[in-house]
Amino acid sequence: MARGQGRRYKWTILPVVAVPVLFLAAPIIFFQIYFSLHQWTAYLGDWWEAEFVGLENFADVLGDERFHWSLVRSLIFAGASTVLCLLIGFTLAYLMREPFRGRGLFYLLFITPMLIVPIAIGYNFEMLLVEKGPLNQMLGWITGQEIRVSWFAQPIPAFLSIIFIEVWNWTPFVFILMLAGLSGMPREPIEAARVLGASPLQIFFQIQLPLLRPVIVLALILRFLEALGEYPKVWALTRGGPGSYTETMPVYLYITSWQHFNISKAAAMSYLVLIIVAAIVYLCIRILLREKRALEALYRPSS
């Protein structure tokens, strides 16, 4: 009976999956493959007359030092912003785990940055961080000295600025996940540990943290993958500059496609990026499954 129901379920969802694949994904995949194997630019000739070059575009991307650096910057940007989002989001969620008066107001304040559209975030922070903007003025009041930092005109301040803005924008996402994990945590092990005389630190490190590990891993994975593909804010704030110091992988892909109009190289680059992201996703799924099995083993009754 269950087998028959499973078969009917597969046939029911097949059209829902097949239609988008056939009419949306398949044409995109076909043209991406075609362009990556041919040499064509958007302003030279018709695409169907493009010259076949085989794997030359892939070799060109693999030998492109600018692509290597954009990949390194993306990994640093995604890694640093993910760790900071987790630390801040987890701390806020832990402080908010118990009900108190005004909790709803704090909750609304904490999630507001996530509700603002990226282009508006870029515009607002550009106004805040200009050389004669409010941030430098406030730093000047605090230090008693004139501060004239060009946040987006110098390499290190520019890169740190986009990491900070990413953290400000997406910490609420981690906060919500952590708060859900803490709220759904079973109370029995914690109460039992208190009765046995465990200290708050022992309860946190030996009970709460192990129980939250799957949620923490999930938050890290989702946040890292989202940050890896971050494009709107970086482009709105720096356009990859100064020079190419904030040129992450999505920004370089856009520049190659729509500023250099090298569609073939961009298509090959997108496939290489797809392989890298697929490898990361596969690794993440393995880690998630391992955490799930570890949590199930923790609560499995001993025979």
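The values are calculated or read from the model by the stated rules, or taken from the named source; none is laboratory data. From a predicted model like this one, the values you see are computed outputs, not experimental measurements. Heads up, the Cβs are rebuilt from the backbone with ideal geometry, glycines too, and the neighbour counts pull from every protein chain shown. To get the accessible areas, we keep the full protein, side chains included, count just its heavy atoms, and leave off ligands, DNA and RNA. Shrake-Rupley method; radii C 1.70, N 1.55, O 1.52, S 1.80 Å.
For the stretch 244-264, how many residues meet the condition of being out of contact with any Phe, Trp or Tyr (no Cβ under 9 Å at 6 or more places or on another chain) and open to solvent by less than 30 Å² (accessible area, probe 1.4 Å)? Summing the residues that are out of contact with any Phe, Trp or Tyr (no Cβ under 9 Å at 6 or more places or on another chain) and open to solvent by less than 30 Å² (accessible area, probe 1.4 Å) in the stretch 244-264 gives 2. Test of understanding: among Thr248, Thr256, which residue is at pLDDT 90 or above, of a type in the set (Val, Ile, Thr) and closer than 19 Å to Val83 by Cα? Only one candidate passes the filter, namely Thr248.
If you go through the stretch 168-216 and pick out every residue that is open to solvent by 20 Å² or more (accessible area, probe 1.4 Å) and either more than 24 Å from Ala297 (Cβ to Cβ) or touching a Cys at 6+ places or on another chain (Cβ under 8 Å) (or both), you end up with 10. Of all residues in the stretch 14-32, those that are at pLDDT 75 or above have Cβ atoms under 8 Å from Cβ atoms of residues that are of a type in the set (S, T, N, Q) and surrounded by 10 or more Cβ atoms within 10 Å (Cβ to Cβ), 6 or more apart or on another chain, in Gln32/Ser270. Restricted to helices (runs of 4 or more DSSP H) entirely inside the stretch 194-256, those with at least 3 residues that are closer than 14 Å to Ser74 by Cβ, touching a residue at least 60 places away in the same chain (Cβ under 8 Å) and not basic (Lys, Arg) are 209-228.
Scanning the stretch 294-301 for residues that are assigned to a helix (DSSP H, G or I), at pLDDT below 90 and closer than 30 Å to Ile119 by Cα turns up nothing. Could you tell me whether Ile163 is among the hydrophobic types (A, V, I, L, M, F, W, C) and in a helix (DSSP H, G or I)? Judged against the criteria, Ile163 is a match.
Any residue in the stretch 295-302 that is open to solvent by less than 50 Å² (accessible area, probe 1.4 Å) and out of contact with any Asp or Glu (no Cβ under 8 Å at 6 or more places or on another chain)? Even if it seems obvious, please write down each step before you answer.
If we filter the stretch 295-302 for residues that are open to solvent by less than 50 Å² (accessible area, probe 1.4 Å), which is where we start, we get none.
No, the stretch 295-302 contains no residue that is open to solvent by less than 50 Å² (accessible area, probe 1.4 Å) and out of contact with any Asp or Glu (no Cβ under 8 Å at 6 or more places or on another chain).
Could you tell me whether the stretch 59-71 includes any residue that is under 27 Å from the mean Cα position of the chain (by Cα), of a type in the set (Asp, Glu) and exposed (fewer than 13 other Cβ atoms within 10 Å of the Cβ)? Yes; the residues of the stretch 59-71 include at least one that is under 27 Å from the mean Cα position of the chain (by Cα), of a type in the set (Asp, Glu) and exposed (fewer than 13 other Cβ atoms within 10 Å of the Cβ). Does the stretch 7-34 hold any residues that are under 28 Å from the mean Cα position of the chain (by Cα) and either surrounded by 13 or more Cβ atoms within 10 Å (Cβ to Cβ) or within 18 Å of Leu272 (Cα to Cα) (or both), and which are they? Within the stretch 7-34, Ala25, Ile28, Ile29, Phe30, Phe31, Gln32, Ile33 qualify. One residue stands out in the stretch 37-46 among those that are in contact with a Phe, Trp or Tyr (Cβ under 6 Å, 6 or more places away or on another chain) and modelled with pLDDT of 80 or more: the one that is farthest from Tyr271 (Cα to Cα), namely Trp40.
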